[in-house]
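So the structure is just underneath, and the comments pick up after that.
The values are calculated or read from the model by the stated rules, or taken from the named source; none is laboratory data. Note that the coordinates shown come from a computational prediction; the quantities given were computed from them, not determined experimentally. We place every Cβ from the backbone using ideal geometry, glycine too, and count neighbours over all the protein chains shown.
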Amino acid sequence: MKKFLLLNIFSCIFMICRAEVPDTSGIPVRWKKESLIILSEKYRLTENSSGIFNESFHCIYYVRDKFGLRQISTLTIPGDIKAGDNTEIGRIYRKDGSVISITGKHLTPRQIKIGKSSSATGKFSYESGQKLAIPGLAVGDILEIEYSAERHSLPSTVSMASIYPTMRKEFYASVTASQFFTGYASTYFEAFLYFRPVNFTSENISNTDQSITVTQDTVERIKDEILTDDKKLYPYLILFKSHFDPAKAEFVRNYIAFSGEELETKQLSIVRSIYYRGDKIQKTTASVIWSKLHQKHPIISDTIAWMNDAFYFYREMYAPGSVFDNVKANYPGDKFFVNVMSRLLFKAKIPYKVFLTQPDYYGKPVSESTVIDPHYGIVLPRLKYYLFNPVVYNIPGDVPSYFETQGYVEFAANKHFKPYRFPGLLGVLFLPIALPVYIVTDSKANKYRKFGFEYAEFPSSDPEQNLVNNEITLKDFDFTKNTCIFSIRTSYLGKAKASYSRRLCSSTLCYETCENPYRRVSRKEDEKLASEYLKKFISGNISSEGHNVCSVKTYSLEKGSFFSPGEPIVVSADVEVKDFFVSAGKYVVLNVGQLLGEQLQPNRDTVRQNNFFIPYRKKYAFRLNIKLPPGYVADDVSSLNGKFQSAAGKFVSQASANGDGIVVNTEKIYTFQHYDKGKASEVNGFLALADDFTHLKILLRKK
Amino acid sequence: LADSVDNRETDLHSAASSIIGSETDSLKMIEKIFYWVQDNVRYIAFEEGIMGYKPASASKVYDHLYGDCKGMANLTKILLKTVGFDSRLTWIGTNDIPYNNDIPSLAVYNHMICTVIFKGKKYFLDPTESFIALGDYAERIQGRPCMVENGKNYLVEKVPDLSYERNVENQNYTVRIENGKLLGFNECQYMGEPKTSFLRGYNSTKSNIKEHAVNAYLVGSNSNLIIKNTKTSDLNERAQPLKITYDFELKNSVLRSSNNDLVIMLNKDQDLSRLYFDSTRVCDYEFTSKYNISHNCSLKIPNKYKVGTAPSPLNIDNDLFSFNFRYEQRDGELRLVKQIKIKQAVIRTSDFQLWNKSIEQVIKFYNSPVILSQI
């Protein structure tokens, strides 16, 4: 309660000093159809010596159509703004030259008070954002909003909701280390950035009508503090800076500079902390695993086998299985595992590196000091990229799909992780270790950083290794019910196997089948629930491919060994399906293409704006066996044949009549992971052919 | 409460005059004011305390260009009143409320509109319903009881129920077979809910993707349909039907047999075919509105061909819905006539079985091809 009381104790409104009408002359012609243009957006968050955060926001919007008007009709500003009725919060510059002042009286009525007040039930006391309905705003107007507020804690997220084209943007944040680690979010500080690709393509950067700029002082600051001279300075630089308490100067000094080059319009999360909780659990886990390892490997003769067992034991303890398991295990994630594993490796005297990597779908970092959405892993240099990550259902040593790329890998410095003294095991005393657990790589860090980067090329897998192989048989046509039997056997290998495993486990048994996921169930009931769940899961997967499933006749799942790369997961089912065919006179129209299931549909009408990315190269193979109803023969089977092949991938279908049946073999292969948008036709070509195939029909004719 | 609002009517007289301009026809004057409020005042509701019941001042809403339903109704009323119309505030409970004003409670009303009494006829104006014409009523207030102010008393009225016939969606398309493809031209016409819904959607769409959005709306989920040359009537016109024309190609719709018969899938749209209620559904189903869909398709029969087989007519008609589908052969053309009427917006659970059985037949008709045989 006290904390809440301290939140937003004091807020104040900046008076707007601007008098002149904001300039719209520089808006690029290509934005003529945009609904809303942000002429300028500035956000600044600083922490003063008293631990108070000053937050200031200044934005100028240009309303271009009714859609834009609707978007900007109401704004939310921090709660408890103590603006008097006459305090100016913003202005509207009308088309006719008049100016409307927006003042405190336009704030929503303060029906939800903070501090002494509480909710209707008296149970909660909370702060609320203040809604501001913009008075008199119309299409063609320019709206300027400015406020600043003081708060006693970091905002949990900082939103820069710029889904609209932006002429000018600045973002600056400066907070101390203590807040960085123990602030509102406790484990990390996040800045959520929303970008619109048009602002950040390299095309715009080189455009002469350079419409987006950063202020000179920002440039100077970046030059001084962030970037080395040889780094390209993008005009759309968004700066996030967190500097630390001088008393803890050696702890971390952290910068993120980000260009946003080649981004999809999606939420990006900048996470910049290696701090994590669960230290006690980590120690216990490491001790238990070490104990089990020690029993199995009194001497480490085979490093790989030792590590696989370590991984296996870890997964035994922490593999996500149910909501309950996850809660019990405190949601162990990659950071947790990295810490456990690093303790084991260090103790076993196996050299290793802990790293963060930036998934490639965010593009390359603009500078070495940039990492977005990092994932943690351990790499063993001597064994070259033997990776661990327990949370993605990958076999140890296999490269998780989000690592599978060329990219920048940031190796964590010793200072990020707490030095660790390995505890005694079963009463046996181990030597105290004064050295840090984490090994620092050959750092290229400049004076501002305490960690280094290396450019890494993780091996990318061949499409054949990530194979989804389907054998489908269509048989037993029932013309009365318009049904037939759809028999499918699908095997998943490599990352396809990992992906399927994840899907299989992400909807947990209890969550799916029990009203109360925490209710204890007997083993017998558990088996029954598991069986029902599996049936539902398999049937759901078939339905999700667009098939009209009437009933499930049989089903099975062969998991094999998760740790054996060559063993696939195999799913088999016989289901009764409807509407695969329709009879008309002496003909039957058979929807052969539908057997392939729903395919990725390329956007055929618009020009590709962003480069292509898929998590990993992969192959889908189908063998379709259609056992024709007695007395029927297929016409023009060759119409099912097709082929498109490019450097990006291929789709090929080959059909043949075979006595009383038809056999169609198809292959769809993604041979790329990244592909240039300028060669979109090479990607769209095979995607479109596969999609077109799903609509193909053939005629069956009575002999 | 309404009497205690300072509407500053005299200030709004000039505004109303300016909106009406030189118009002298009374109904047109009402239309102009009604449409002006729809177009220029944004619906934003902050209903704090008494403001849940007390309308905001008309002049304040006019100045701010935003308001809740009460504020917008009050502004409409005052603008009309200042130019001499008998306009009144009206409480109404929308179809969100499962009871009517038989219950003596404030909760029977959740919405405010404006009623104009002109030449003895009552016009119910809901300015929060953008793009709705004068005399047209949104599904949510149709047939709903309301309370119209009447000096110190009130009048109990009911908004007319406009039936499914209001919600017209007509498609007239001609198709021909060229090089094994089905090519055609479609003329669509929309009135009632389909029209207002389209216009609202269109105006809520970003300008730079409006054209794409219209095409996506017309194509729907049919990935075999490719359309081009789309033209629309005036998208700001409320009273007249919305008209859209376009050329199209229907892929994968013609199969040629080894003896040169043509098997044709002529159904461009498969309306409602995915609406099937399984045993897990325990609640009634409510459509967004009633439907009145009519499709007329004319296929020019190619030379040296005749109709071999065409699906049998389907005629399902009851108090809830009707599906009337048939093929007709006339003057060298094969015509597909489809009429779908959803007469009641709610299907009760007790009627699910009836619906499911009907939809099975509907799907069968949709999927059944026409066979053209060589003469």
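Worth a mention:
- Count of segment B:214-266 residues which are closer than 15 Å to B:LYS195 by Cα and aliphatic (A, V, I, L, M): 6
- With respect to (1) under 24 Å from B:TYR366 (Cβ atoms); (2) within 11 Å of another protein chain (Cβ to nearest Cβ); (3) assigned to a loop (DSSP other than H, G, I, E, B), the lone exception for B:SER289 is condition (2).
- Matching option when the condition is away from chain A (no Cβ under 12 Å), of a type in the set (Gly, Ala, Ser) and either free of Cβ contacts under 8 Å to residues at least 12 places away in the same chain or part of a strand (DSSP E or B) (or both), among B:SER358, B:SER322, B:SER373: B:SER322
- The residue list A:PHE651, A:PHE612 contains one member that is touching a His at 6+ places or on another chain (Cβ under 8 Å), closer than 21 Å to A:GLU598 by Cβ and crowded, with 18+ Cβ neighbours inside 10 Å, which is A:PHE612.
Yes/no matrix, rows are residues, columns are (1) surrounded by fewer than 14 Cβ atoms within 10 Å (Cβ to Cβ); (2) part of a loop (DSSP other than H, G, I, E, B); (3) modelled with pLDDT under 90:
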{"position": "B:PRO194", "(1), (2), (3)": "no, no, no"}
{"position": "B:ARG200", "(1), (2), (3)": "no, no, yes"}
{"position": "B:ILE209", "(1), (2), (3)": "no, no, yes"}
{"position": "B:LEU218", "(1), (2), (3)": "no, no, no"}
{"position": "B:SER221", "(1), (2), (3)": "yes, yes, yes"}
{"position": "B:THR230", "(1), (2), (3)": "no, no, no"}
{"position": "B:THR245", "(1), (2), (3)": "no, no, no"}
{"position": "B:GLU249", "(1), (2), (3)": "no, no, no"}
{"position": "B:VAL263", "(1), (2), (3)": "no, no, no"}
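- Qualifying residue in segment B:228-246 (condition: in contact with a Phe, Trp or Tyr (Cβ under 6 Å, 6 or more places away or on another chain), over 30 Å from B:GLU31 (Cβ atoms) and in contact (Cβ under 8 Å) with a residue 40 or more places away in the chain): no
- Flag if A:LEU69 is modelled with pLDDT of 60 or more, within 14 Å of another protein chain (Cβ to nearest Cβ) and in a helix (DSSP H, G or I): yes
- Selection status of B:ASP271, surrounded by fewer than 16 Cβ atoms within 10 Å (Cβ to Cβ), acidic (Asp, Glu) and more than 14 Å from chain A (Cβ to nearest Cβ): no
- Residue that is nearest to the chain's Cα centre (by Cα) [pool: residues in segment B:19-63 that are more than 28 Å from B:GLU237 (Cβ to Cβ) and assigned to a helix (DSSP H, G or I)]: B:GLY52
- Filtered residues of segment B:229-268 (kept if out of contact with any Cys (no Cβ under 8 Å at 6 or more places or on another chain), within 14 Å of chain A (Cβ to nearest Cβ) and of a type in the set (A, V, I, L, M)): B:LEU235, B:LEU250, B:VAL254, B:LEU255, B:LEU262, B:VAL263, B:ILE264, B:MET265
- Condition met for B:SER59 (hydroxyl-bearing (Ser, Thr, Tyr) and more than 14 Å from chain A (Cβ to nearest Cβ)): no
- All told, A:ALA647 meets the bar of being away from chain B (no Cβ under 12 Å), aliphatic (A, V, I, L, M), in contact (Cβ under 8 Å) with a residue 12 or more places away in the chain and over 19 Å from B:PRO369 (Cβ atoms).
- Within segment A:136-149, residues that are among the aromatic types (Phe, Trp, Tyr) have Cβ atoms under 9 Å from residues that are part of a loop (DSSP other than H, G, I, E, B) in these pairs: A:TYR147/A:ILE13; A:TYR147/A:PHE14; A:TYR147/A:PRO78; A:TYR147/A:ILE81; A:TYR147/A:ALA83, counting only partners at least 6 apart in sequence or on another chain.
- Hits in segment B:27-56 - residues which are more than 12 Å from chain A (Cβ to nearest Cβ) and either among the aromatic types (Phe, Trp, Tyr) or more than 18 Å from B:THR115 (Cβ to Cβ) (or both): B:LYS28, B:PHE34, B:TYR35, B:TRP36, B:TYR53, B:LYS54
- In this structure, B:PRO127 does not qualify as more than 30 Å from A:THR694 (Cα to Cα), in contact with a strand residue (DSSP E or B) (Cβ under 9 Å, 6 or more places away or on another chain) and in a helix (DSSP H, G or I).
- Among residues of segment A:587-601 that are at the interface with another protein chain (Cβ under 10 Å from one of its Cβ atoms), those with a Cβ under 6 angstrom from a residue that is of a type in the set (Lys, Arg) and not in a loop (DSSP other than H, G, I, E, B), sequence gap 6+ or separate chain, pair up as A:TYR587/A:ARG701.
- Filter pass, A:SER639 being within 14 Å of chain B (Cβ to nearest Cβ), at pLDDT 85 or above and under 27 Å from the mean Cα position of the chain (by Cα): no
- Sole exception among (1) of a type in the set (S, T, N, Q); (2) at pLDDT 60 or above; (3) not in a loop (DSSP other than H, G, I, E, B) for A:SER159, by number: (2)
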